[in-house]
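Written below as structure tokens is the structure these notes are about.
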Amino acid sequence: MAEFRERAYENVAVDILINEMCFADTFVTPKSVYDFYVEHKDEYSTPRQLRLQILKLKSDGIHKDELDNLSVHLKKVLNGNSKNEFDDAVLLYSEGPNIERGGDIGWIEKSKLRKDFSEYVKVAETGQVVGPIKSKEAYYFLRVDDVIKEKTDSFKDVHKKIEEKLLAKQKEKNYKTYVESLRSKALIKKYL
């Protein structure tokens, strides 16, 4: 029991020493918390996401006039119609991905879309069909099945987390500096 008490006493003494030498004067200013928030705002944001369906009309082996006529027809048929209409058109005409699921490619961040697709869907709303989007390999129609709008957490919501994070970094830095100063002053002898 005496050995246990001695170890507990040593542990408490070390904790008090470290706390006084490393952590006593550690603080984070509100300005540094706000500056961190501004510099790292993207960490506290969720980008705009879209759930898309793709209808891909392959342009190889089809005369350009026929492809243009089909795309004009599909534009008339698909605009303003339901998901079922788009699913049927995908089954009939598409050579794209997930034909059996109506061309559904799932959720994707707008920033990760192909540049030509991104331009067409940047303001598209749920249920809207855009296209034809003409590229070298095919003509595309995109249906926006659902949208999650971009959202940034407010400073009020995240300031405590940021403060804790910065405080932990500062404490770690102070601890490392203290340990290094002890090592530089210590006399260490090695015997082989």
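Nothing in this text is a laboratory measurement; each read-out follows from the coordinates by a stated rule. The structure displayed is predicted, hence computed values, not measured ones. Neighbour counts are summed over all protein chains in view; Cβ atoms, including those assigned to glycine, are modelled from backbone coordinates with ideal geometry.
At-a-glance table
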{"item": "Per-residue ³J(HN,Hα) for the range 13-19, Karplus 6.51 cos²θ - 1.76 cosθ + 1.60, θ = phi - 60°, Hz, x for Gly and Pro", "result": "4, 5, 4, 5, 4, 4, 4"}
{"item": "Equivalent ellipsoid semi-axes - Cα gyration tensor, the range 1-114, angstrom", "result": "67, 20, 12"}
{"item": "Angle between the chain longest axis and helix 64-78 axis [Cα atoms, degrees, rounded to 10]", "result": "70 degrees"}
{"item": "Length released on extending from D88 to I18, taking residue separation times 0.36 nm less the Cα-Cα span", "result": "18.2 nm"}
{"item": "Descending principal axes extents, the range 65-170, alpha-carbon based, whole Å", "result": "67, 28, 24"}
{"item": "Note, ³J(HN,Hα) from phi for the range 129-144, Karplus 6.51, -1.76, 1.60, rounded to Hz, x at Gly and Pro", "result": "10, 10, x, x, 9, 8, 9, 4, 8, 5, 9, 10, 10, 10, 10, 7"}
{"item": "Backbone HN-Hα couplings from phi across the range 162-174 [Karplus 6.51/-1.76/1.60, Hz, Gly and Pro as x]", "result": "5, 4, 4, 5, 5, 5, 5, 4, 5, 5, 4, 5, 4"}
{"item": "Pair K58, K189: separation of 7 Å Cα→Cβ label points (nm)", "result": "8.3 nm"}
{"item": "Within the chain, longest stretch free of exposed trypsin sites (Lys or Arg not before Pro) [DSSP loop, at most 12 other beta carbons within 10 Å]", "result": "1-113"}
{"item": "Neighbour-limited loop hits for chymotrypsin sites (Phe, Trp or Tyr not before Pro), the range 71-132 (at most 13 other Cβ within 10 Å; DSSP other than H, G, I, E, B)", "result": "none"}
{"item": "Additional length obtainable on full extension of the chain from A8 to E137, 0.36 nm per residue less Cα span", "result": "39.1 nm"}
{"item": "In the range 1-62, chymotrypsin sites (Phe, Trp or Tyr not before Pro) in a DSSP loop with at most 15 other beta-carbon atoms within 10 Å", "result": "F27"}
{"item": "The range 20-61 - convex hull of alpha carbons, volume per residue in Å³", "result": "155 Å³"}
{"item": "Normalised convex hull volume, the chain, alpha-carbon set, Å³ per residue", "result": "303 Å³"}
